[in-house]
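These notes concern the structure reproduced below.
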Amino acid sequence: MTPNLRGSLFMTVSMAGFAVEDAFLKAASRSIPVGEAILIMGLIGIAVFSSLAIRAGHAPIPAAMFTRTMALRSGFEITGRLFYALAIALTPLSIASAILQATPLVVVLGAAVIFGEKVGLKRWLLILLGFIGVLIILRPGVSGFSALSLLALVAMIGFAGRDLATRAAPPALSNAQLGVTGFIMLALSGLIITLVTGRTAMPDLHTMGVLICGAVFGIAGYAALTTAMRSGEIGVVTPFRYTRLLFAMILGVAVFGERPDAPTLFGSAIIVACGVIILSQNRRRR
């Protein structure tokens, strides 16, 4: 198996894991407050990744976690996880996931503005077209518009900021240590929602089982994502992030009875096409 094939397969597995995690979280939020559900899943992930770090002889929370860069990354990740969790709990899973697919476009835009990377006219046009795809999904100013869809938009900006900050993160951090950090941010997001809403409820055995299953798929997805990004060429592996949209739409239809309308499907196709073209251009340029 070549490194590119290995990375592509792990990226696909990762996106499937995250999509299933989202579905379990959405299901659990029907029985208990969404903040509490996120908090429990975050604590489970912290426990698992901390155990893996200790087993490997690493500190779960090393000193490198407290650098300015990691603090900035953590702030963006809290924003992304907080608003995306609210989005998948309060809006259709397929729409929230579709909007999230614009993250690579925002990363390219941020790299040009913040890091001074050269972006040609063609890529600027593709970025603009991708954002038009987001607007088609959101439909501001028309009867199909839902203000709650803006939650996924804010989440997308948060995740893009996290990815940009990751470029300057200490490379010595292990996969397990990064997992601890990621799930700490998830738990903090749940805690923030719980403190703001003041709503809690004792989960029954069925709901607890749903949360554990969601955490397991989330942990597996995070581990597969880390492996994918360390295998093969980024320009080859990254486009497989878009498989998350396919998995999310299948789960939305099969589990929650969602029916994505024509504008959502059309806008999603535009976003994915623009992202894949930009990434393929990056690969050819390298």
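Structure summary
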{"quantity": "Approximate spin-label separation Val113-Ile192, in nm, with each point projected 7 Å along Cα-to-Cβ", "calculated": "2.0"}
{"quantity": "Euclidean distance between Cα centres, region 241-269 to region 1-75, Å", "calculated": "23"}
{"quantity": "Top positive-direction residue, dipole computed over the chain with Cβ charges, set Gly120, Ala165, Leu191", "calculated": "Gly120"}
{"quantity": "Ordering of 189-197, 45-53, 120-128 by burial proxy (mean other Cβ atoms within 10 Å per residue, highest first)", "calculated": "45-53, 189-197, 120-128"}
{"quantity": "Test item: Cα-centred dipole of the chain, Lys/Arg +1 and Asp/Glu -1 on Cβ, debye", "calculated": "860"}
{"quantity": "Region 3-285 - Kirkwood radius from inverse mean 1/r over Cα pairs (Å)", "calculated": "19.2"}
{"quantity": "Mean Kyte hydropathy of -1.0 or more with a Cα span along the axis of at least 30 Å, helices from DSSP in the chain", "calculated": "3-28, 34-55, 68-90, 175-197, 205-229, 262-285"}
{"quantity": "Sequence-separation-based contact order of region 3-285, relative, with Cα cut under 8 Å and 6+ spacing, percent", "calculated": "45"}
{"quantity": "Restricting region 155-229 to trypsin sites (Lys or Arg not before Pro) in coil, as DSSP defines it, with at most 15 other Cβ within 10 Å", "calculated": "Arg167, Arg199"}
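All of the numbers you see were taken from the coordinates with simple rules; none came from a lab. The model shown is predicted, which means the values in this text are computed figures rather than measured ones. Heads up, the Cβs are rebuilt from the backbone with ideal geometry, glycines too, and the neighbour counts pull from every protein chain shown.
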